[in-house]
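The values are calculated or read from the model by the stated rules, or taken from the named source; none is laboratory data. Quick caveat, the model's predicted, so the values are computed rather than measured. All Cβ positions, glycine included, derive from the backbone under ideal geometry; neighbour counts span all protein chains shown.
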Amino acid sequence: MAVEAADAATPELALADTEINWDRLDKTRFHVIGAILFTAQSALIHPTAVVKTRMQVAGSSLSQMTGLSVFRHIIRRDGIPGIFRGFGTSAIGSLPGRVLALTSLEVSKDMTLKYTEGLNVPEATRIGIANGVAGMVSNLVSCVYFVPLDVICQRLMVQGLPGTKSCNGPFDVVSKVIKAEGFRGMYRGFGLTAITQSPASALWWGAYGAAQHIIWRSVGYRDDLERKPSHVEMVAVQATAGMVAGACSSVITTPIDTVRTRLQVIDDYGVGRPSVLKTAKTLLKEDGWRGFYRGFGPRFLNMSFYGTTMIVTYELIKRLSVKQA
């Protein structure tokens with residue numbers, strides 16, 4: 001009886017259930033559950049994004065402080081609300097964008113897997129390619145929506161820092177940006193974001209898909225074996241693969257993210273509209289090459305933690321959204 005109770009408490013799943021494709025999902029449940037769980041997950045990591053953004057933007061002593069010191073500085077000055085600046089706008093504004101991103105991610109991955117089915121390549125490579133293509137397509141599609149949202153949220157995060165303008169809420173940000181630069185001001189950094197983040201997204205999703213496949217096989221799981229993973233094992237493997245993908249991506253993309261963040265929020269550059277080259281030169285002049293890695297610690301933590309929590313949340317959403325037989 002004790003053995004039967006233990007078996008009931010830890011249900012076993014087929015390895016195929018770790019890779020749930022688009023046609024197996026109840027789309028309404030997928031997006032509703034996704035909206036709820038991803039909002040909760042975003043709340044957990046938002047403080048690290050605030051710290052990272054302030055370290056990248058500040059021309060003051062904040063840029064020379066450690067991430068923990070910046071965090072303490074924000075708490076002392078602004079309290080708990082300070083580390084959640086911009087969260088309300090980000091959480092509510094992200095809902096339509098998430099539907100767009102998740103749909104394009106799953107559809108493009110499903111199509112790529114089908115088109116590459118006959119290729120004579122290792123399965124881990126094929127899964128990595130499919131995930132990478134899906135990550136790139138999803139990022140390109142969602143950039144149109146998320147870049148203006150990033151501009152708004154990041155400006156709210158850096159209120160009061162040198163070179164930034166004070167704004168009273170998201171609508172005031174939009175009003176001031178459009179008044180100063182027109183509608184294109186809302187798309188500051190769009191080209192840099194699309195060109196750089198799309199390959200970065202492809203790298204993240206490709207690394208995750210390949211890492212998960214390799215980990216499963218390295219610990220002895222196959223679809224054709226009777227031994228099947230439990231829920232706990234699934235979470236552990238997917239979290240590990242997400243952490244690996246997030247860590248790799250943060251090392252490669254931090255310099256680009258620093259330039260993009262400053263480009264989107266700094267206004268005091270003297271004559272002319274801010275540009276990628278002008279922003280990079282200013283950053284190099286201020287702090288040398290290490291300036292491009294401002295906020296690397298919080299970003300590394302953010303992306304590793306984000307990679308772990310996001311993918312565990314995402315895979316849980318998919319398991320909860322499988323169509324009922």
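Mind telling me which of the residues VAL151, VAL173 ends up being free of Cβ contacts under 8 Å to residues at least 40 places away in the same chain, under 18 Å from PHE84 (Cα atoms), among the aliphatic types (A, V, I, L, M) and assigned to a helix (DSSP H, G or I)?
Of the residues listed, the single one that is free of Cβ contacts under 8 Å to residues at least 40 places away in the same chain, under 18 Å from PHE84 (Cα atoms), among the aliphatic types (A, V, I, L, M) and assigned to a helix (DSSP H, G or I) is VAL173.
Can you tell me which of (1) surrounded by 14 or more Cβ atoms within 10 Å (Cβ to Cβ); (2) touching a residue at least 60 places away in the same chain (Cβ under 8 Å); (3) of a type outside the set (Gly, Ala, Ser); (4) part of a helix (DSSP H, G or I) is the one LEU44 doesn't meet?
All conditions are met except number (1).
Name the residue that is nearest to the chain's Cα centre (by Cα), counting only residues in the stretch 292-301 that are surrounded by 23 or more Cβ atoms within 10 Å (Cβ to Cβ) and assigned to a helix (DSSP H, G or I).
Out of the qualifying residues, it is ARG299.
Going by the structure shown, is ARG217 modelled with pLDDT under 85, in a helix (DSSP H, G or I), more than 27 Å from LYS52 (Cβ to Cβ) and not β-branched (Val, Ile, Thr)? Before the answer, list the steps.
Details: modelled with pLDDT under 85: yes; in a helix (DSSP H, G or I): yes; more than 27 Å from LYS52 (Cβ to Cβ): yes; not β-branched (Val, Ile, Thr): yes.
Against the criterion (modelled with pLDDT under 85, in a helix (DSSP H, G or I), more than 27 Å from LYS52 (Cβ to Cβ) and not β-branched (Val, Ile, Thr)), ARG217 qualifies.
With the requirement that a residue be more than 25 Å from GLY206 (Cα to Cα), at pLDDT 75 or above and surrounded by 11 or more Cβ atoms within 10 Å (Cβ to Cβ), what does the stretch 1-35 give you? Explain how you work it out, then say what you get.
Looking only at the stretch 1-35, we keep the residues that are more than 25 Å from GLY206 (Cα to Cα), and these are 1-12, 28-29, 32.
Within this subset, residues satisfying the condition of being at pLDDT 75 or above are 28-29, 32.
Scanning the stretch 1-35 gives ARG29, VAL32.
Checking LEU203 against (1) modelled with pLDDT under 85; (2) closer than 24 Å to THR309 by Cβ, which test does it fail?
Among (1) modelled with pLDDT under 85; (2) closer than 24 Å to THR309 by Cβ, LEU203 violates only (1).
If you check VAL276, VAL259, which single one turns out to be at pLDDT 75 or above, closer than 17 Å to ALA194 by Cα and within 18 Å of the chain's Cα centre (by Cα)?
Checking each option against the conditions leaves just VAL259.
So which residues in the stretch 92-135 are free of Cβ contacts under 8 Å to residues at least 12 places away in the same chain, closer than 16 Å to ASN21 by Cα and not in a helix (DSSP H, G or I)?
GLU117
So if I check each of THR53, THR48, THR89, which one is modelled with pLDDT under 85 and more than 15 Å from GLN159 (Cβ to Cβ)?
THR48
Please pick out the residue among ASN131, ASN139 that is under 18 Å from THR261 (Cβ atoms) and not hydrophobic (A, V, I, L, M, F, W, C).
Exactly one residue qualifies, and that residue is ASN139.
Every residue in the stretch 80-135 that is charged (D, E, K, R) and either surrounded by 13 or more Cβ atoms within 10 Å (Cβ to Cβ) or under 18 Å from GLN197 (Cα atoms) (or both), please.
Within the stretch 80-135, ARG85, ARG98, GLU106, LYS109, ASP110, ARG126 meet the criteria.
Condition check: assigned to a helix (DSSP H, G or I), charged (D, E, K, R) and crowded, with 16+ Cβ neighbours inside 10 Å. Does LYS179 satisfy that?
When the stated conditions are applied, LYS179 does not pass them.
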